[in-house]
Amino acid sequence: MTGIKRVGVVGCGLMGSGIAQVAAVAGFDTVVRDVSQPLLDRGRAGILKSLGRMVDKGTITSDARDASLARLRFVTELTELKDRDIIVEAVTEDLDLKNGIWRELDRACPPETMFASNTSSLTIGSMAGATLRPDRFVGLHFFNPVPMMPLVEVIRTETTSEETFERAYSFARALGKEPVAATDSPGFIVNLLLVPFLLDAARARERGTASTADIDRAMQLGCGHPMGPLSLMDYIGLDTVVRIADIMVEAYGEDRYDAPALLRRMVTAGHHGRKTGKGFYDYSADPPVPADPPVPTPSMSEKA
Ligand code: NAD
């Protein structure tokens, strides 16, 4: 028994909207917060689309969809999360931003509220330490797209209590997910191994090793990956990949976590992948077509 009935989610982007959806479908009374109504509307539209697909596939009934939507509330005020049993944070990967939110929530919520971050690359301890409840603070790292991906990494810090860890682990199961336990080091299990691979794929593209489509096809057909690495980065969000890489290169001091100039230029140009309509692929076409970003000449690399 987790004792969790009311769920709060901070951030209604790619991950937050997915986490809110999964919580509502699993029967939890769910409130999700973002900073503006248009962002909430965008998140809600994504949830409606995803639930619609689930109804079409017969994964849930239309009654279950309607009941899930009735359990879901969208708010702009952080303090509306103060009566939640657990709050899962999924805002932009930025420690100062996250800790500002945690401090505010720490003041607003009763001591028993459990806090969980969905960070990809920051340590959970660096957030738990900003609150007065480091024993009730865990990592719950979901995968994108949240409604489809079964895994949740459950991260305990030096200070997470056994009870908190067990409740978080059971909560992940109650969401219909498969939890694995990880210790609190940047990238946990999956991103520690995945991020260098993704960055290497971008480096291969940058060097002109092969075209975007062929790099992806090679890893799908040669290694059995369900999705090629360049497509996967578009899915994650290139801005998020660069933020994660920057945090990991600082944490580990290893070049393999260093984001190549090509990725940085794409982010600067506003090409963040699927969510902005363009990244390694152009999503205005159906199916998406390779956008084949220009491979830099040596002089372009030097300037980057
Ligand atoms: P995103 O850019 O899609 O969404 C972030 C959202 O946070 C935006 O809607 C933004 O408006 C909102 N936000 C910013 N400040 C806020 C505040 N003060 N209060 C409420 N909302 C605020 O990013 P994302 O991909 O959903 O990533 C969110 C977190 O999840 C990051 O920590 C990221 O590392 C992690 N994560 C991402 C993925 C992925 O594949 N994209 C996978 C696992 C974990």
Restricting attention to the range 120-141, does a residue exist that is closer than 20 Å to Gln21 by Cα and in contact with a His (Cβ under 8 Å, 6 or more places away or on another chain)? yes
With the checklist (1) more than 10 Å from the ligand (Cβ to nearest atom); (2) open to solvent by 20 Å² or more (accessible area, probe 1.4 Å) in hand, flag the one item Met149 doesn't pass. (1)
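Before we move on, is Asp200 farther than 27 Å from Pro111 by Cβ and open to solvent by 40 Å² or more (accessible area, probe 1.4 Å)?
Details: farther than 27 Å from Pro111 by Cβ: yes; open to solvent by 40 Å² or more (accessible area, probe 1.4 Å): yes.
When the stated conditions are applied, Asp200 passes them.
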Could you check the range 248-271 and list, in sequence order, the residues that are open to solvent by less than 40 Å² (accessible area, probe 1.4 Å), touching a Pro at 6+ places or on another chain (Cβ under 7 Å) and either closer than 17 Å to Phe188 by Cα or within 13 Å of the ligand (Cβ to nearest atom) (or both)? Met248, Tyr257
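Limited to the range 18-40, what total is found for residues that are open to solvent by 40 Å² or more (accessible area, probe 1.4 Å) and either under 10 Å from Arg6 (Cα atoms) or in contact with a strand residue (DSSP E or B) (Cβ under 6 Å, 6 or more places away or on another chain) (or both)?
So the answer is 3.
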Pick from Thr164, Thr123, Thr92: which is away from the ligand (no atom under 11 Å from the Cβ), part of a loop (DSSP other than H, G, I, E, B) and either polar (S, T, N, Q) or open to solvent by less than 10 Å² (accessible area, probe 1.4 Å) (or both)? Thr123
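Look through Asp83, Asp106 and report the one residue that is modelled with pLDDT of 95 or more, in a loop (DSSP other than H, G, I, E, B), away from the ligand (no atom under 11 Å from the Cβ) and over 21 Å from Glu178 (Cα atoms).
Values: Asp106 fails: in a loop (DSSP other than H, G, I, E, B).
Sole residue among the options that is modelled with pLDDT of 95 or more, in a loop (DSSP other than H, G, I, E, B), away from the ligand (no atom under 11 Å from the Cβ) and over 21 Å from Glu178 (Cα atoms): Asp83.
The values are calculated or read from the model by the stated rules, or taken from the named source; none is laboratory data. Small disclaimer: the values here were computed from a predicted structure and weren't measured. Glycine also receives a Cβ, built like all others from the backbone with ideal geometry; neighbour counts cover every protein chain displayed. When the accessible area is computed, the model is the full protein with side chains, heavy atoms only, and any ligands, DNA or RNA have been set aside. Shrake-Rupley method; radii C 1.70, N 1.55, O 1.52, S 1.80 Å.
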